[in-house]
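> Here it is, the structure, as structure tokens.
The values are calculated or read from the model by the stated rules, or taken from the named source; none is laboratory data. None of these values were measured; they are calculated from a predicted model. With ideal geometry, Cβ positions are generated from the backbone for all residues, glycine too; neighbour counts draw on all protein chains shown. All accessible areas refer to the heavy atoms of the entire protein, side chains included, with ligands and DNA or RNA removed. Shrake-Rupley method; radii C 1.70, N 1.55, O 1.52, S 1.80 Å.
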Amino acid sequence: MFVRSPSSSRLQATLTLVPVAFVVLSVYVGGVLWAAGISFTRSSMLPNYRFAGLTQYINLFANARWQVSLGNMVLFASIFIPVTLLIGYSMAAMINRGVRGENALRTIYLYPFAMSFIVTGLVWRWLLDPNFGIADVARKLGFENASFDWIVNADMAIFTIIIAAVWHSAGLVMVVLLAGLRGVDDDLWKAIRIEGIPAWKAHLYIIVPSIGTSIATALVLMSLTVVRLFDVVVAMTGGGPGIATDVPAKFIIDHMFERQQVGLASAAATTLLLLVLAVAVPLLILKNHRKGGAR
Amino acid sequence: MNPANAPARRNALAAPLSRVLVYLLLIVIAIVALLPLYVMIVTAFKSMEEIRSGTLLSLPRAFGFEHWWKAWNSACTGLRCEGLKVGFVNSFLITVPSVVLAIAAGAVTGYALSFWRVRFANVLFTVMLIGGFFPYQVLIYPLVRITSTVGLFNSLAGVIFVHVVFALPVVTLLFRNYFASIPIDLFKAARVDGAGYWRFFFSILLPMSVPMIAVAGILQVTFIWNDYIVGLVFGGINYAPMTVQLNNIVHSTYGEREYNVEMAATLLTSIIPLLVYFTSGRWFVRGVASGAVKG
Amino acid sequence: MTGVHLRNLGIRYGQVEVLKGIDLDIPASEFIVLLGPSGCGKSTLLNAIAGLQDVAEGQILIGGHDMTNVEPKNRGIAMVFQSYALYPRMSVRGNLSFGLKVAKIAKPEIEKRVANVAKMLQIEPLLDRKPAELSGGQRQRVAIGRAVVRDAGVFLFDEPLSNLDAQLRSDLRVEIKRLHQRLKSTMVYVTHDQIEAMTLADRIVVMKDRIIQQQGPPDEIYNRPANTFVARFVGSPAMNFLDGAIGGGHAIIDRQAIPIAAAISAPLSDSRPVIVGIRPEDMTIHTDDSGSGLAVEIDVVEPMGPEKLVWCKQGDIGLSVKAPSSISVMPGDRVRLRLAEEKLHIFDKETGKRI
């Protein structure tokens, strides 16, 4: 409920919002609609407005590189999200038991999130280097035939990117879930203990459902990482070997600026956006519905 | 956290064994989390000869600083060979104004949206909320057109503008949620005392919001410093931030790769966010935990 | 002195009518309490008087001036809130003087007024502390001080004691009453706590479902409730109700005739179905088997110190009786209740209104 406000203050509030509204609407609505419009034209190097129907979309989905990109994103999401969630939750659950040095551990776990994806990619590229990386450590430890060449192996390279991304995000998910666990009523833990419920059952059936909001937040954060996946690929594999680790975001940027196929890139961008909206909008509605209007 | 609550969370019988296991796991995870940072540091001090002969994990036999100097001063970032120092200055020039502007705009927008009944405010907020989910790649081309239309493309102001536009949804959400948690009675009391629109904001709200400003500031410094794609597209050659130059150093060298210079450059690029993180980790955690990065 | 008058006040949220046709006259210097359960519209009414709530129709007069569309700061009112609503980053002194600074009052004058109020409310040692460093009771004292310092003709209290524990609540209640005796300002006080209402009010306005149910001095509200809602809401434990009918100047309850005082029974016509109300303290328990009174079974006995609260069952109906602590009854005992005939409240069975 809003408090009665005099028209002068309401006018001031409106005036404050006008510039922000102008920028937000022109970029987030106008810009996106314009880009969607471009995807229906024959634009190549520069946008032009000759209508081309669905040609760009037909070309897009016939494009092998786009197919690989999209497939990689799906593969990435279907491994990265559950693995990070599981690791993050386990870490949060262990820390929540009350351990010594909690602050130090938390600081160590979260620091990767403060590093850029470019740095993350470069470090892991070095760590997974087939000649001098971890494989070399194994060899020097006596496993003379040890080899670990995923990063240059077209079939396995995408998994090295998943490893780097999990390292980057696990601490973040841990912190978000820990905040949720800390919100669980202490009496609930006491009740669980008195009833003698085994730990895994208590977590699965009682605790996880009661921290739904935190899990949703973690899922949203990880989904954003998935759709924005770009820097780490550029730094780690450059999309290679060949196009083996290409992702939609990289496909879009490359076609927009290097290959100068603006129409095709816009079609890809629009497709990606529709995918995101299909996931995000129901989530948002669900969340706001649960909260009930703020005021 | 109240330590007195901790014992309630433990299962008394299973305590000894499971506690050892928990600590063991937590320590292993901490080692894995720290490994890349450790390898980065030791590699940056080793000579190329040692890198080739020694192992990844060993401490450097001699500490060499010349690779650091090269990374900073003379490594080639494309055509120019002036090292990362140019990028450092650029990142600084980009980050500081972007963060200040994003927070100022986000705080004022959050305020106007929380306490004042403005027509279409909900529409604006919903657009921002959904816009926060957009993959950057969708907005980049429209933003290129917008910035080049007003002559900001490839300029410092252009990069800052794009950062503020991207940061606005998150920062606004952060402040709006914070303001929404303030009891409405406080607003009523100020109204009875006669405080108007700006007076309430500056005399009462802003002093209360210091923690929120710190949280938003730290998160945004980290995000914007670590950004790659905005700097890559909008900075041009003159305003390429550190991340872009770092990636260029690593990926544009011909001939033998200098891993030590690469790692020194990577570390140099991470220094600011790591410094921010390790000196103000508490706020960082708080920001993440409060769902600050929900955007 | 400043009276408050509401004329045919109507308030809407969008299309929803929240309050309609409210008329209320609050003479200058009166302490009036708006009492009712949550959602009854009492806080909305208070916010309307404060100017924090848009008014759809009608008029608000304060001190004889039409204030319907005047800004809160210009209405000559001060307000105290349930959550204290102290400005968190300002010291107590800053909290007290903020409104005066906004009103551009001269500094020496502000200092004088703050000093006076601080002395009156005994918060002088707290002046340089931040709200976070104060206890709940101290905070509310400061919040009251912030209202007093405005030198307003009308004080508005929005459930000011609800966040405090029992002991502090009664202490501050006395403090507020003393404040009224001293300042002689008009006070409008919103609460859902009937004890606060009874102890503080010159006049109580009982509200339910956005309608004023009854207004009058506390003893009138208590002794002559206008309907079953008011009867049940005021008094603890609540008034007991029994279904019955009128017959020959008696109330027939469960085939037993209960005598009614002539003054009460006079307007009643025979065989009219009614609800008979009786307060717990207006019944006595009799263990002898003389036959007169309502036959009940003892359910639960709660010793309260000076008295015992005895819960009885009469069929499916539970009745509470206040009995002297010397009484010795056990659960399961069958006893008889005698109802004080002049203390019976007779309500219409259909409308619940007092007859």
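> Please note which helices (runs of 4 or more DSSP H) are completely contained in the range A:1-102 and include at least 1 residues that are of a type in the set (Phe, Trp, Tyr) and within 8 Å of chain B (Cβ to nearest Cβ).
A:32-38
> Also, quick follow-up: May I ask you to list the residues in the range A:141-167 that are open to solvent by less than 70 Å² (accessible area, probe 1.4 Å), assigned to a helix (DSSP H, G or I) and either without any contact (Cβ under 8 Å) to a residue 24 or more places away in the chain or out of contact with any Lys or Arg (no Cβ under 9 Å at 6 or more places or on another chain) (or both)?
A:Ala157, A:Ile158, A:Phe159, A:Ile161, A:Ile162, A:Ile163, A:Ala165, A:Val166, A:Trp167
> Of the conditions (1) of a type outside the set (A, V, I, L, M, F, W, C); (2) open to solvent by 10 Å² or more (accessible area, probe 1.4 Å); (3) assigned to a helix (DSSP H, G or I); (4) closer than 17 Å to B:Val233 by Cα, B:Thr126 satisfies every one except a single condition; which number is it?
Every listed condition holds for B:Thr126 apart from (4).
> So, in the range A:125-137, of the ones that are facing chain B (nearest Cβ under 7 Å) and open to solvent by less than 20 Å² (accessible area, probe 1.4 Å), which residue ends up farthest from B:Ser58 (Cα to Cα)?
Of everything passing the filter in the range A:125-137, A:Trp126 is farthest from B:Ser58 (Cα to Cα).
> Looking at the range C:90-118 only, could you name the residues that are closer than 14 Å to B:Ala195 by Cβ and either open to solvent by 50 Å² or more (accessible area, probe 1.4 Å) or of a type in the set (Asp, Glu) (or both)?
C:Lys101, C:Ala103, C:Lys104 - these are the residues of the range C:90-118 that are closer than 14 Å to B:Ala195 by Cβ and either open to solvent by 50 Å² or more (accessible area, probe 1.4 Å) or of a type in the set (Asp, Glu) (or both).
> I'd like to check which helices (runs of 4 or more DSSP H) are fully inside the range B:165-267 and have at least 1 residues that are more than 30 Å from C:Asp151 (Cβ to Cβ) and free of Cβ contacts under 8 Å to residues at least 40 places away in the same chain.
It comes to B:210-226, B:229-234, B:242-251.
> Let me ask something else. Out of curiosity, is C:Glu196 assigned by TED's automatic domain parsing to the domain that holds C:Asp158, surrounded by fewer than 18 Cβ atoms within 10 Å (Cβ to Cβ) and either more than 18 Å from C:Ala48 (Cα to Cα) or at pLDDT 95 or above (or both)?
no
> Residue by residue through the range C:1-50, note down the ones that are at pLDDT 95 or above and among the aromatic types (Phe, Trp, Tyr).
Passing the criteria: only C:Phe31.
> Taking the condition outside any helix (DSSP H, G or I), open to solvent by 10 Å² or more (accessible area, probe 1.4 Å) and within 30 Å of A:Leu264 (Cα to Cα), does B:Phe134 pass?
Yes.
> Check the range B:94-117 and report whether any residue there is within 7 Å of another protein chain (Cβ to nearest Cβ) and outside any helix (DSSP H, G or I).
yes
> Checking the structure you have, find out if any residue of the range A:177-196 is closer than 30 Å to A:Trp150 by Cα, within 11 Å of another protein chain (Cβ to nearest Cβ) and either surrounded by 15 or more Cβ atoms within 10 Å (Cβ to Cβ) or in contact (Cβ under 8 Å) with a residue 60 or more places away in the chain (or both).
The answer is no; no qualifying residue exists.
> Separate question: Look through A:Ile58, A:Ile95, A:Ile87 and report the one residue that is open to solvent by 40 Å² or more (accessible area, probe 1.4 Å), out of contact with any Ser or Thr (no Cβ under 9 Å at 6 or more places or on another chain), under 30 Å from B:Leu21 (Cα atoms) and not hydroxyl-bearing (Ser, Thr, Tyr).
Testing whether each residue is open to solvent by 40 Å² or more (accessible area, probe 1.4 Å), out of contact with any Ser or Thr (no Cβ under 9 Å at 6 or more places or on another chain), under 30 Å from B:Leu21 (Cα atoms) and not hydroxyl-bearing (Ser, Thr, Tyr) leaves just A:Ile87.
> Just the residues that are surrounded by fewer than 23 Cβ atoms within 10 Å (Cβ to Cβ), of a type in the set (Gly, Ala, Ser) and farther than 18 Å from B:Arg117 by Cβ, please, taken from the range B:172-199.
B:Ser181, B:Gly194
> Evaluate the following for A:Ala235: is it surrounded by 22 or more Cβ atoms within 10 Å (Cβ to Cβ) and free of Cβ contacts under 8 Å to residues at least 60 places away in the same chain?
So A:Ala235 fails the test.
> Kindly establish whether B:Val144 is open to solvent by less than 10 Å² (accessible area, probe 1.4 Å), farther than 21 Å from A:Ile285 by Cβ, assigned to a helix (DSSP H, G or I) and more than 7 Å from chain A (Cβ to nearest Cβ).
Judged against the criteria, B:Val144 is not a match.
> Taking the condition of being open to solvent by less than 30 Å² (accessible area, probe 1.4 Å) and assigned to a strand (DSSP E or B), how many residues in the range C:215-244 meet it?
5
> A further question on this structure: If A:Ile161 meets every condition in (1) at pLDDT 80 or above; (2) within 10 Å of chain B (Cβ to nearest Cβ) apart from one, which number is that one?
If we test A:Ile161 against (1) at pLDDT 80 or above; (2) within 10 Å of chain B (Cβ to nearest Cβ), just (2) comes out false.
> So which residues in the range C:48-88 are more than 20 Å from C:Ala103 (Cα to Cα), open to solvent by 10 Å² or more (accessible area, probe 1.4 Å) and within 14 Å of chain B (Cβ to nearest Cβ)?
Within the range C:48-88, C:Gln53, C:Asp54, C:Gln82, C:Ser83, C:Tyr84, C:Pro88 qualify.
> Determine the pairs where a residue that is closer than 16 Å to B:Asn248 by Cα, located within the range B:65-76, has a partner that is open to solvent by 50 Å² or more (accessible area, probe 1.4 Å) and assigned to a loop (DSSP other than H, G, I, E, B) with Cβ atoms under 6 Å apart, the partner being 6 or more residues away or on another chain.
Pairs found: B:Ser74/B:Cys81.
> Just wondering, is there one or more residues in the range B:83-98 that are modelled with pLDDT of 85 or more, open to solvent by 30 Å² or more (accessible area, probe 1.4 Å) and among the aromatic types (Phe, Trp, Tyr)?
Yes, the range B:83-98 has at least one match.
> Follow-up question, since we're still on this one. So, restricting to strands (runs of 3 or more DSSP E) that lie completely within the range C:245-355, which ones have at least 1 residues that are in contact (Cβ under 8 Å) with a residue 60 or more places away in the chain and open to solvent by less than 30 Å² (accessible area, probe 1.4 Å)?
Output list reads C:250-253, C:256-259, C:273-278, C:307-314, C:317-324, C:334-339, C:345-348.
> Residues in the range B:40-62: is at least one open to solvent by 10 Å² or more (accessible area, probe 1.4 Å) and modelled with pLDDT of 90 or more?
Checking the range B:40-62: at least one residue is open to solvent by 10 Å² or more (accessible area, probe 1.4 Å) and modelled with pLDDT of 90 or more.
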